[in-house]
Amino acid sequence: MVEARANTVAQFRDGADCRAIFDSQNAWMRERELPEERRLYAHSQGYDLAERPLVRHDESMKLKMGMCMAAHPTVANSRVFVTLTDNFLIVDGAAERLHRTPETIVEL
């Protein structure tokens, strides 16, 4: 999921088109024989948990500098459920990861 998230986050920049990000992510998933995203897996956050712009097939709003974006791609089948959630701030041409928690597998 780190790679799936990285594919999306690499596209988080000022002026980015959410529909194009959504399409790119699904192409990336198909290339790896993973199920396409059909849900809201990336979005802005502000006063509410999920705000526009929404990374999905019908979003017309573009990303802007200074937006806080959440990305939480998921893969699930009858045997496994895997997800990864992080928040990013769109800054000078890139997305800065806001979490400082080490990216390691945690087993419960």
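Here, each number is a calculation from the coordinates, and none is a lab measurement. Just so you know, these numbers come straight off a predicted model, no measurement behind them. With ideal geometry, Cβ positions are generated from the backbone for all residues, glycine too; neighbour counts draw on all protein chains shown.
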What ranking do 37-49, 93-105 get when scored by the average of other Cβ atoms within 10 Å per residue, highest first? 37-49, 93-105
Find how much the distance from Phe81 to Ala10 grows on full extension, using 0.36 nm per residue of separation minus their present alpha carbon separation; answer in nm with one decimal. 23.2 nm
Specify the inter-centroid distance of the stretch 44-108 and the stretch 1-40, based on alpha-carbon positions, in whole Å. 11 Å
Please give the peptides 77-85, 4-12, 60-68, 19-27 ranked by average Cβ packing (other Cβ atoms within 10 Å per residue), highest first, as a rough proxy for protection. 4-12, 19-27, 60-68, 77-85
Over the chain, consider all pairs of different Cα atoms and compute the Kirkwood hydrodynamic radius from their mean reciprocal separation; express it in Å, one decimal. 14.2 Å
Rounded to 5, the percent of DSSP beta bridges in the chain classed as antiparallel: 100 percent
I'd like the Karplus ³J(HN,Hα) series for the stretch 86-91: coefficients 6.51, -1.76, 1.60, θ = phi - 60°, whole numbers in Hz, and an x wherever there's a Gly or Pro. 8, 10, 9, 10, 7, 10
Once amide H atoms are built 1.01 Å from N in the peptide plane, which residues 5 or more positions from Glu51, or in another chain, come under 5 Å H to H? Ser44, Gln45, Gly46
